[in-house]
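The structure under discussion appears below in the form of structure tokens.
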Amino acid sequence: MLDLGLIRDHPDQVRAGLGALGAEPAVVDQVLALDERRRELLTEVEALRARRNRVSKEIGRMVDQEERQRLIDEMRQVGQRIDELED
């Protein structure tokens with residue numbers, strides 16, 4: 001198994017090594033694309049969690065019940081989106 005950091009840092013060397021072993025070097029591009037997508041999803045999840053945490057604190061201090069309920073419903077949707085992304 002190859003270290004993902006090695007593939008990220010030295011993709012040309014990994015392609016050459018795979019070619020020398022008779023493996024398909026194009027798999028490196030697939031791995032890098034999947035890694036990039038994974039990082040994007042992690043960034044989105046972290047941003048959604050930060051927003052949920054920030055808004056949850058605001059909800060606790062709110063007096064306006066309609067606005068409070070609107071934010072609660074919105075944060076439920078944010079939680080569902082987080083769950084979808086984690087899957």
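The values are calculated or read from the model by the stated rules, or taken from the named source; none is laboratory data. Nothing here was measured: the structure is a model prediction, and the numbers come from that model. Ideal geometry is used to build each Cβ from the backbone, glycine not excepted, and the neighbour counts take in all protein chains shown. Please note that ligands, DNA and RNA were not included when accessible areas were found on the heavy atoms of the full protein model with its side chains. Shrake-Rupley method; radii C 1.70, N 1.55, O 1.52, S 1.80 Å.
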For residue 10, distant residues with modelled amide H under 5 Å away: none
What accessible area per residue comes out for the chain, rounded to a whole number of Å², with a 1.4 Å probe? 76
Read through the labelled values (i) 14.4; (ii) 14.9; (iii) 16.0 and report the label of the one computed as Kirkwood radius over Cα pairs in Å from the structure. (iii)
Taking only Cα atoms, what is the 0 to 90° angle, nearest 10, from helix 27-61's long axis to the longest principal axis of the chain? 10
In the chain, taking the dipole from +1 charges on Lys and Arg beta carbons and -1 charges on Asp and Glu beta carbons about the Cα centre, the listed residue (33, 62, 19) farthest towards the positive end is 62
Per-residue ellipticity at 222 nm for the chain, helices alone: DSSP H runs ≥ 4 residues times -39500 (n - 2.57), over residue total, nearest 500 deg cm²/dmol? -28500 deg cm²/dmol
Using the Cα centre as the reference, give the magnitude of the dipole from point charges on the C-beta atoms of the chain (Lys, Arg: +1; Asp, Glu: -1; all else neutral), rounded to the nearest 20 debye. 400
First compute the accessible area of the chain with a 1.4 Å probe, then give the percent of it belonging to carbon and sulfur atoms. 51
